[in-house]
Amino acid sequence: MKFLSEYRDADLAKKYLDEIHSTVTRQWNIMEVCGGQTHSLVKNGIMDLLPKEVQMIHGPGCPVCVTPLHLIDKAIYLAEDKNVILCSFGDMLRVPGSKKSLLQAKAGGADVRILYSPLEAVQIANENPDKEVVFFAVGFETTAPANALSIDKAYDLGLTNYSILASQVLVPPAMEAVIEDEESKIDAFLAAGHVCTIMGMDEYYPLVAHYRIPMVVTGFEPVDLLQGILLTVQQLEKGEAELQNQYSRVVKPKGNAKAQELIRKIFMVSDREWRGIGTIPASGFEVRRKYAAFDANLKFTIQVEKVEEPKECIAGLVLKGIKKPKQCSQFGKKCTPQNPMGAPMVSSEGACAAYYHFSGAAETVA
Amino acid sequence: MKLQCPMPKLDFDIITLGHGSGGLLTNKLLDSGVFHLFDNKHLQQRHDGAMLTLEGKTAFTTDSFVISPIFFPDSNIGELAVNGTVNDLAMCGAIPQYLSLSFILEEGLKMTEFWEILVSIKSAAEQANVQIVTGDTKVVEKGKGDKIFINTTGIGHLHAKADIAPSNVQPGDKIIVSDSIATHGVAIMSVREGLEFESELKSDTRGLGHMVSILLDTFGEDIHLLKDPTRGGVATVLNEIARDRNLGIEILQKNLPLQNEVSALCEILGLDPLYVANEGIFIAVVSDAISEEVVEKLQSMEYGANASIIGEVTKNHPKQVVLTSAIGGKRIVNMLAGEQLPRIC
């Protein structure tokens, strides 16, 4: 398959691996920011092939993992309203809220639908004028344009029964929060390729310059990841700190202007709560006042109690790369993909689930 | 091959509650539809059940079919309901002989659709050389079903050379898939509501009894285990084998046969083909010594062109299935925690 098979080429992968092995001289901690990269590292067994000096640390770029618990409870609360059709991306359904997941709410009779695009939700709203249709708009800069487009379209259609429950977060502030953390051990980043496809690279230059930390915008296929890791290791070994673009076949320096314009039209930057990390200033989007009618948070009176995360769960430390999943006392014991205590165990992009599948923890608890 | 049978004249163009009442409507539906189409000496008895004479060791299995949509590229739920149970018998090393056929119909199902399904059932049964000897029809109110649910139960006598059991699986055995994986599940996904792909992909549902019979004729007890990787896909079946035998399984990603179109749709939909349902393939665990010959034999058959040795059974890492990726990395292929859910990005 063109544009895929060449980035899964075993010979090329081996070439990059050999180069990584011959370049590295000491211990480096590299954080891959995006959950999609984590998923690919695990799926292709890449961590196994890297020299032991190169430690990959799984970053906070898993939208499922960082969506606050009370927002999941809100989505469930809305879904259980007989007048609401709640639409969501697939992997949000299994995430545990404080009492249940959307999947359990669906089994209990709630109208929860898995969609691939928020535009489908607009269509459902158009076809069901007597129902309220809410899209659970979770994600990073990558999902923001489509979510914005859904509001833009609903506005043009004059729909009054469509809204989004947004947990729209931004990558650069989270990277900064990770670097700023006193316990942080991150030496370099693989920046998130698809986020940069939308937003471009400009936001990252100040981070690289200010913190003197190497960053390589990296794709998702095995060869992409290995090349990204090699470029990062080369910088680290030379003591350089540059912003490089490994994913130039997709990422343009200025990003996608049209998508950015659409985002600015519908959303404004706001403080956001991140599950496991807490509130990070200016780290997300909320719907602009002009489109307030499409903001489910404002449209509905949603009463959910603020619930504390389970005390044993160290998701926040894992998301910041301070602790490895295996350092959690509950890992693979009380907390498994079948019965996750914290969100990183839910999604296959989550660091804990990734480790669980990768490391044979399944066997130790079977 | 599709059968062409003209639909008999019926009083209704949709299924009504009356068709499940047991009264006149039921009888008319059965007489001019089911009995007419599946006619055989057992049905002609018009008795409460079929009385069969069985000889020797017999396999017995049942399965229910609740697929949505009920019509999908090149096939429908009826064909699936026959092939599914026939294939379960084949996986036991049995030659399928008799089927029961039960419908739960939802009020409002179009008679033309029901007829098309019945015709597909007849066609699939003929191809698999099985007789439908007993059955049942119930109708539920609109909203209480999903157009049509089908249950089939099957009986077949064991092939004389068959010795198929999980306990026969040994370290060193090779694991073979009989054809490309994930085709059926992806074909179904491509026509689900909301996902309109311009795709030519067809379900690969088919009876596997004939292929299995040839393998058993040729290789007999060297065929240690047969499984059809339906729900949960290849990964789930391999995990079941590893768990039940307390042995490890190693598979090679580069040996997994996958149609280009299936692979592309899996990429788009965020699905792992290892977990996607299959209807027209089986997994064979066979002695190392004959494994190449089995693949050659399969490749010479109509539905085995892409047969491949995908891995082997090992004493290492008991209960675990380990995949070596195309670039040489390893990962554990677990059972799914639940349904496979598409990822956000």
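The values are calculated or read from the model by the stated rules, or taken from the named source; none is laboratory data. Computed from a predicted structure; not experimentally measured. We place every Cβ from the backbone using ideal geometry, glycine too, and count neighbours over all the protein chains shown.
Out of (1) assigned by TED's automatic domain parsing to the domain that holds A:Glu132; (2) surrounded by fewer than 20 Cβ atoms within 10 Å (Cβ to Cβ), the odd one out for A:Gln338 is which?
For A:Gln338, the failing item is (1).
Looking at the stretch A:322-329, is at least one residue in contact with a Lys or Arg (Cβ under 7 Å, 6 or more places away or on another chain), at pLDDT below 85 and within 30 Å of B:Arg243 (Cα to Cα)?
No - not one qualifying residue is present in the stretch A:322-329.
Count, please, the residues in the stretch A:12-44 that happen to be in a helix (DSSP H, G or I), among the hydrophobic types (A, V, I, L, M, F, W, C) and within 23 Å of the chain's Cα centre (by Cα).
Number satisfying all stated conditions: 2.
Within the stretch A:289-296, is even one residue over 30 Å from A:Asp156 (Cβ atoms), in contact with a strand residue (DSSP E or B) (Cβ under 7 Å, 6 or more places away or on another chain) and buried (at least 22 other Cβ atoms within 10 Å of the Cβ)?
Scanning the stretch A:289-296 turns up no residue that is over 30 Å from A:Asp156 (Cβ atoms), in contact with a strand residue (DSSP E or B) (Cβ under 7 Å, 6 or more places away or on another chain) and buried (at least 22 other Cβ atoms within 10 Å of the Cβ).
If you scan the stretch A:39-73, which residues turn out to be free of Cβ contacts under 8 Å to residues at least 40 places away in the same chain and crowded, with 24+ Cβ neighbours inside 10 Å?
Selection gives A:Ile72 alone.
Go through the stretch B:308-345 and report how many residues are part of a strand (DSSP E or B) and either under 14 Å from B:Leu238 (Cβ atoms) or modelled with pLDDT of 95 or more (or both).
The total comes to 13.
Kindly list the number of the only condition in (1) in a helix (DSSP H, G or I); (2) touching a helix residue (DSSP H, G or I) at 6+ places or on another chain (Cβ under 7 Å); (3) closer than 22 Å to B:Val321 by Cα that fails for B:Val186.
The single condition B:Val186 does not satisfy is (3).
Cβ contacts < 6 Å: first residue modelled with pLDDT of 95 or more, restricted to the stretch A:176-203; second residue basic (Lys, Arg), any location; separation 6+ or different chain. Result?
Final answer for the pair search is A:Gly200/A:Lys254.
Considering the stretch B:59-92 alone, what residues qualify as being among the hydrophobic types (A, V, I, L, M, F, W, C) and under 21 Å from B:Ser213 (Cα atoms)?
Within the stretch B:59-92, B:Ala59, B:Phe60, B:Leu80, B:Ala81, B:Val82, B:Val86, B:Leu89, B:Ala90, B:Met91, B:Cys92 meet the criteria.
Looking only at the stretch A:95-126, filter to residues that are surrounded by fewer than 19 Cβ atoms within 10 Å (Cβ to Cβ), among the polar types (S, T, N, Q) and within 22 Å of A:Gly342 (Cα to Cα); which one of those is farthest from the chain's Cα centre (by Cα)?
Taking the candidates together, the pick is A:Gln104.
Select from the stretch A:340-366 the residues that are outside any helix (DSSP H, G or I), within 13 Å of chain B (Cβ to nearest Cβ) and modelled with pLDDT of 80 or more and list them in ascending order.
A:Pro340, A:Gly350
Considering only residues that are more than 10 Å from chain B (Cβ to nearest Cβ) and either in contact with an Asp or Glu (Cβ under 6 Å, 6 or more places away or on another chain) or not in a loop (DSSP other than H, G, I, E, B) (or both), which ones fall in the stretch A:122-135?
Those that are more than 10 Å from chain B (Cβ to nearest Cβ) and either in contact with an Asp or Glu (Cβ under 6 Å, 6 or more places away or on another chain) or not in a loop (DSSP other than H, G, I, E, B) (or both): A:Val122, A:Ala125, A:Asn126, A:Glu127, A:Glu132, A:Val133, A:Val134, A:Phe135.
Just the residues that are within 14 Å of another protein chain (Cβ to nearest Cβ) and under 22 Å from the mean Cα position of the chain (by Cα), please, taken from the stretch B:187-219.
Residues satisfying the conditions are B:Met189, B:Ser190, B:Arg192.
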